[in-house]
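Taking it in order: structure first as structure tokens, then the write-up.
The values are calculated or read from the model by the stated rules, or taken from the named source; none is laboratory data. Computed from a predicted structure; not experimentally measured. Cβ coordinates were reconstructed from backbone atoms using ideal geometry, including for glycine residues, and neighbour counts include every protein chain displayed.
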Amino acid sequence: MAASKTAIAEKVEAESVPGENGASDQDVPARGDVPDANSPVASIENRVPAPATALPDLLQNLARRGRRWNWIVHFCWRFGERWGYDQCPLIAGAMAFFGLLSVFPAVVAGIAITVKALANNQHVIQSLQNYITQLFPGEAGAQIAEEITSKVESFAKSPNSKALSIVAIASLLWSGRAFFDTLAWQLNGIWPRAKTRTWWQHQLALWGTFLGAGLLWLLSTFIHVALSVLRSVNNYFLNQYLPGLVIARESVLWDILTRFVAWLLTFFMFWLIYHFLPNVRTKQHRRVAVGAAMIAAVAWEIAKIAFTNFLGNLSRYEVAYGSVAGVVLTMMWIYFSSLIILLGAEAAATFEDVCNLNSNTSVCPE
């Protein structure tokens, strides 16, 4: 009898230890688990949702002030829970690394494609430089713009331009794929009720979003250059038929138009990311994806202004970082941009989460 009890105890103890003699069906992997390198499919099975905790007494009292306060308190509390639990700052760091690796290959690849048109047109080069300066604020953008000029001249004179183009495009595809692969895995874990994709579905969504974002970037570059060219043309129609008040404020109107078009294309880029990368196909998701893109686009424009004012000039950073100061600042900006992408996703996912968790308490506004 004693031997039988001992055998039963050993069997129970072995079954209670995860990872030994097979894990039980109730064992759930830790939230920090990352996808296997050979199988990058964003899987919901190995992503544990952030646990919902009760509000502290102070916030509960604040939530009782009315339905709107109730929703705001629940939303902010749940957003804070999810932001830390989903490790967004850590994931943004990984995205910044791959994003930094893709910046200069993207510049070189773009120049390789359009080098013949750019090499003999200084006005187009200047317009492209101005656009890059807006895309990467501060001295980091100025350094990238200078790099464009030097690369244009190098490509125009180099006999190995085709080989360099192939290397640049291959580097861009690798680093860009890694960036969007990390983003797809994170967004599929952030969004409630996201479903597992097969390997082929994951690759289709990944490359489709990557190419779509690239096309939007090329379109925004083309529109910015086209607007700059049109602005420089002394158009007879503008001078003859528009009111003098409009002519007097022509520079302001052009600036507003350029910024609005840039923001609109940025909005579409964020919408593309939020709509297609998470494997969620519901009416609610389609609505909140638009809201998430709106939040991210506005936050990105505000961040550009704040980052530019914060940097001031590059000289004080060169004291600390030396000749790599521009690279460090570029990586900082990509890191902040990645945080903004995740912020919009978390805000939208939190909205869905709060509505789902509190479906019987009328927390969500109609």
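Within the range 58-80, can one find any residue that is exposed (fewer than 15 other Cβ atoms within 10 Å of the Cβ), at pLDDT 50 or above and closer than 30 Å to A170 by Cα? Scanning the range 58-80, I find no residue that is exposed (fewer than 15 other Cβ atoms within 10 Å of the Cβ), at pLDDT 50 or above and closer than 30 Å to A170 by Cα, so the answer is no. Taken residue by residue, the range 321-335 has at least one member that is part of a helix (DSSP H, G or I), at pLDDT 80 or above and of a type in the set (F, W, Y). When V280 is tested against (1) out of contact with any helix residue (DSSP H, G or I) (no Cβ under 8 Å at 6 or more places or on another chain); (2) assigned to a helix (DSSP H, G or I); (3) over 22 Å from L215 (Cα atoms), only condition (2) is not met. Number of residues in the range 176-193 that are in a loop (DSSP other than H, G, I, E, B) and surrounded by fewer than 24 Cβ atoms within 10 Å (Cβ to Cβ): the value is 2.
Here A54 passes the criteria (1) at pLDDT below 90; (2) surrounded by 13 or more Cβ atoms within 10 Å (Cβ to Cβ) except the one numbered (2). Suppose the filter is crowded, with 22+ Cβ neighbours inside 10 Å and at pLDDT 85 or above; does Y274 pass it? The answer is yes for Y274. Being within 19 Å of the chain's Cα centre (by Cα), surrounded by fewer than 15 Cβ atoms within 10 Å (Cβ to Cβ) and over 25 Å from G176 (Cα atoms): is that true of R286 here? Against the criterion (within 19 Å of the chain's Cα centre (by Cα), surrounded by fewer than 15 Cβ atoms within 10 Å (Cβ to Cβ) and over 25 Å from G176 (Cα atoms)), R286 qualifies.
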